[in-house]
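K.L.:
Can you keep this structure in mind? I'll have questions shortly.
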């Protein structure tokens, strides 16, 4: 490789305060622990971007690795970009400082080859909150919109950090199909798509933070270069955008006028009722009584009032029933507790009225709803001394599900005695006793085979490289659609395949060397040409955009040619 080189290069040393600067830190050998300078008086608007070039010319290797930054000056003056550091083979190397002069703003600023900056200026992820000052348990809507300027094109995206909403009850609203709409962002025309919609119910008062949503977006940015036919050439930039955290100031519910039976219900147009499936029955028969609330509000987040029954009626643990839908307006529907009641004696038993209170968001006040009294007539059965008795909250029994209240207990059984048998001294007994002794020689044989297998260092290296090739092919398949990651994984898979089959280290993998060794091992020329062509495609993909169709074709060819060469070798 020769002498180690590590230097800093600036795209310009004099620029206006409204222009931007590109700084490259380039080395001719791979190093560790790269430390950039502090960039005082500049703001980093792009980078660090990392690029690697590794080529062979006439059997000689040429290597280059570059870290690129795009800087925006924060004030006028003459400034020094300090030294960057890198560790190569245990030695620390530093770049030479660069002096840059920042002048007044220029009429036509130029940013050079700053694709990162173009993508950052024309791509925005915004979290729109319907209400930043809600009451406790009042629903708010968060809609995440991705705004894209007509100057760029977005090919795909994926979520890399999803909000957890720790202080909220939350539910995502399904978006069946993403649709692109036209709108404005900061007074300019933009296209946007709604990526995620979430309903939040704050569970605490005070200032609560909504964590940001972060996306990794592949952006196609136009460059100044043009194709042979005059069309503009685009470059693909992977950009990470975040919606930014939002602070919600949650107001407590007013204490003035709060009813004693208030259990946290907050909503609009709520209705309350108590119903029974019948009002006339015999003793020991059962009926169902339902306590039900319908309306819009935090339907899953409050407790229904208990049903009050006379002492002569047994009340079982209620079955909770929810029929709630959630949309951008919040939760709406009904919640109910269905009780099973069993009267024990003849008589008339009133179910007294019970009340339900909630905070009405329209009137900003508490409202109390009261049910009607229900009279239960038990027509036949034993009489209770002293009449039907007073009203009390009967102790809850084991839950009883409707329509399966009481089933007959089977009294007559068909039990049969189990025949006696002696296990000691049987054939099965002696077989189990002798099995461990018979397994000892087999375990010794397996242990020796494992020891031989582990000591075969060369074979282990081959197996490891073969596993890596399969793993990278698997990674390449997962990264279909992401040009940079796909071709990087595909190239590593091909290199590891050669390591396994030709015992050839990566540093010696030149095109001619690979072709000669494959021919010596008996591979066919057509398969060799396909293999080297795929390697060329991996190299070309670093400099030119590639479609999804081409990536799928290269992956299919790689699978076929690896399988064919593997059989031939």
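The numbers here are math on the coordinates, done by the rules we state, and not lab data. Small disclaimer: the values here were computed from a predicted structure and weren't measured. So basically every Cβ, Gly included, is an ideal-geometry build from the backbone, and we count neighbours across all protein chains shown.
K.L.:
For segment 6-112, what is the Kirkwood hydrodynamic radius in Å, using each pair of distinct C-alpha atoms?
P.N.:
After inverting the mean inverse Cα-Cα distance, the result is 14.8 Å.
K.L.:
Going by C-beta contacts inside 10 Å, put 81, 88, 152 in order with the fewest on the left.
P.N.:
Exposure proxy ranking, most exposed first: 88, 152, 81.
K.L.:
What is the order of 86, 210, 233, fewest Cβ neighbours within 10 Å to most?
P.N.:
Exposure proxy ranking, most exposed first: 233, 86, 210.
K.L.:
Another question, then. Sorted by mean Cβ packing within 10 Å, highest first, what order do the peptides 533-539, 309-315, 153-159 take?
P.N.:
Order by mean packing, descending: 309-315, 533-539, 153-159.
K.L.:
Further, regarding this structure: Give the shape of segment 285-349 as rounded, prolate or oblate, defined through the alpha-carbon gyration tensor: a ≥ b ≥ c are the square roots of its eigenvalues, a/c under 1.5 means rounded, and otherwise the shape is prolate if a/b is larger than b/c and oblate if not.
P.N.:
Verdict is prolate for segment 285-349.
K.L.:
I need 169, 430 ordered by Cβ neighbour count within 10 Å, fewest first.
P.N.:
430, 169
K.L.:
Rounded to the nearest 5, what is the percent of antiparallel bridges among the DSSP beta bridges in segment 267-397?
P.N.:
Counting only bridges with both partners in segment 267-397, antiparallel ones make up about 90 percent.
K.L.:
While we're here: Cβ neighbours within 10 Å, averaged per peptide: list 288-301, 514-527 in order, most packed at the top.
P.N.:
Averaged packing, sorted descending, gives the order 288-301, 514-527.
K.L.:
Roughly what angle does helix 525-540 make with the longest principal axis of the chain, taking Cα atoms, 0 to 90 degrees, to the nearest 10?
P.N.:
Around 80 degrees separate the two axes.
K.L.:
Same structure, new question: With viscosity set to 0.692 mPa s at 37 °C, what whole-number translational diffusion coefficient in µm²/s follows for segment 267-397 from Stokes-Einstein and a Kirkwood radius over Cα pairs?
P.N.:
My calculation gives 207 µm²/s for D.
K.L.:
Rounded, prolate or oblate: which one fits segment 67-216, using the alpha carbon gyration tensor with axes a ≥ b ≥ c (rounded when a/c is under 1.5, else prolate when a/b beats b/c, else oblate)?
P.N.:
Prolate shape, in that a/c is at least 1.5 and a/b is the bigger ratio.
K.L.:
Going out from 0 in 20 Å bins, what whole percent of all Cα-Cα distances in the chain drops into each bin?
P.N.:
Going out from 0 Å in 20 Å bins, the chain shows 14, 28, 25, 23, 10, 1 percent.
K.L.:
Compute the helix-to-body angle for 548-568: its Cα long axis versus the longest principal axis of the chain, expressed 0 to 90° and rounded to tens.
P.N.:
The answer is roughly 70 degrees.
K.L.:
Per-residue ellipticity at 222 nm for the chain, helices alone: DSSP H runs ≥ 4 residues times -39500 (n - 2.57), over residue total, nearest 500 deg cm²/dmol?
P.N.:
Mean residue ellipticity, 222 nm, calculated: -7500 deg cm²/dmol.
K.L.:
Please give the helix 427-455 orientation as an angle from the longest Cα principal axis of the chain, in degrees from 0 to 90, rounded to the nearest 10.
P.N.:
That helix lies at roughly 30 degrees to the long axis.
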